[in-house]
């Protein structure tokens with residue numbers, strides 16, 4: 001533990017958004033739950049995808065193949081992920097090579113698009129307002 005504390009920090013809990021927005025963060029190793037996926041996109045952080053079940057595999061596919069903001073860990077035939085595979089993926093995201101640069105550029109692009117969507121005239125903001133108006137209109141019919 002003492003050796004690890006010289007290069008990092010181990011805590012029982014911390015705010016994921018605070019971690020994702022910290023300037024020293026190089027990449028995010030995640031199970032690819034939808035909230036974690038959206039948070040990594042909105043913070044512009046490249047990902048090492050480590051999906052386990054349900055929607056996580058689909059989210060990991062989007063991260064790697066559609067948005068191109070991360071790489072996905074590959075499992076062995078018996079369903080295990082070897083330490084060398086984790087190392088390979090982290091290095092691919094962090095090594096400063098062509099792929100690493102592409103992932104970072106794409107992460108920044110999607111961060112910008114996510115922020116645009118939340119602006120006053122953005123798609124997410126507009127859709128949220130429309131939803132709330134619809135819910136509000138439905139509530140009035142009960143009274």
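I'd like the residue in segment 65-85 that is in contact (Cβ under 8 Å) with a residue 24 or more places away in the chain and either over 17 Å from the mean Cα position of the chain (by Cα) or in a loop (DSSP other than H, G, I, E, B) (or both) and, out of all such residues, is farthest from residue 38 (Cα to Cα).
My answer is 81.
Which residue out of 107, 84 is surrounded by fewer than 15 Cβ atoms within 10 Å (Cβ to Cβ), at pLDDT 95 or above, on the phi < 0 side of the Ramachandran plot and out of contact with any strand residue (DSSP E or B) (no Cβ under 6 Å at 6 or more places or on another chain)? Break it down into steps so the answer makes sense when it comes.
On the way: 107 fails: surrounded by fewer than 15 Cβ atoms within 10 Å (Cβ to Cβ).
From the options 107, 84, the qualifying one is 84.
Here's a check for you: in segment 112-126, which residue that is out of contact with any helix residue (DSSP H, G or I) (no Cβ under 6 Å at 6 or more places or on another chain) and in a helix (DSSP H, G or I) is farthest from residue 20 (Cα to Cα)? Please lay out each step first, then the result.
Of all residues in segment 112-126, those out of contact with any helix residue (DSSP H, G or I) (no Cβ under 6 Å at 6 or more places or on another chain) come to 112-113, 115-116, 119-121, 126.
Okay, now just the ones that are also in a helix (DSSP H, G or I), so 112-113, 115-116, 126.
On the way: 112: 15, 113: 17, 115: 15, 116: 19, 126: 26 Å.
Per the criteria, the residue is 126.
Going by the conditions given, is residue 5 surrounded by fewer than 13 Cβ atoms within 10 Å (Cβ to Cβ), under 14 Å from the mean Cα position of the chain (by Cα) and farther than 19 Å from residue 110 by Cβ?
Values: surrounded by fewer than 13 Cβ atoms within 10 Å (Cβ to Cβ): yes; under 14 Å from the mean Cα position of the chain (by Cα): no; farther than 19 Å from residue 110 by Cβ: yes.
Considered against the rule, which asks whether it is surrounded by fewer than 13 Cβ atoms within 10 Å (Cβ to Cβ), under 14 Å from the mean Cα position of the chain (by Cα) and farther than 19 Å from residue 110 by Cβ, residue 5 comes out as no.
Mind listing whichever residues of segment 41-64 are without any contact (Cβ under 8 Å) to a residue 12 or more places away in the chain and either within 25 Å of residue 116 (Cα to Cα) or buried (at least 19 other Cβ atoms within 10 Å of the Cβ) (or both)? First the steps, then the outcome.
To start, the set of residues in segment 41-64 that are without any contact (Cβ under 8 Å) to a residue 12 or more places away in the chain comprises 53-54, 58, 61.
Of everything in segment 41-64, those that are without any contact (Cβ under 8 Å) to a residue 12 or more places away in the chain and either within 25 Å of residue 116 (Cα to Cα) or buried (at least 19 other Cβ atoms within 10 Å of the Cβ) (or both) turn out to be 58, 61.
The values are calculated or read from the model by the stated rules, or taken from the named source; none is laboratory data. Note that the structure is predicted; figures quoted are calculated from it, not measured. Here the Cβ is made from the backbone with ideal geometry for all residues, glycine too, and neighbour counts use every protein chain on show.
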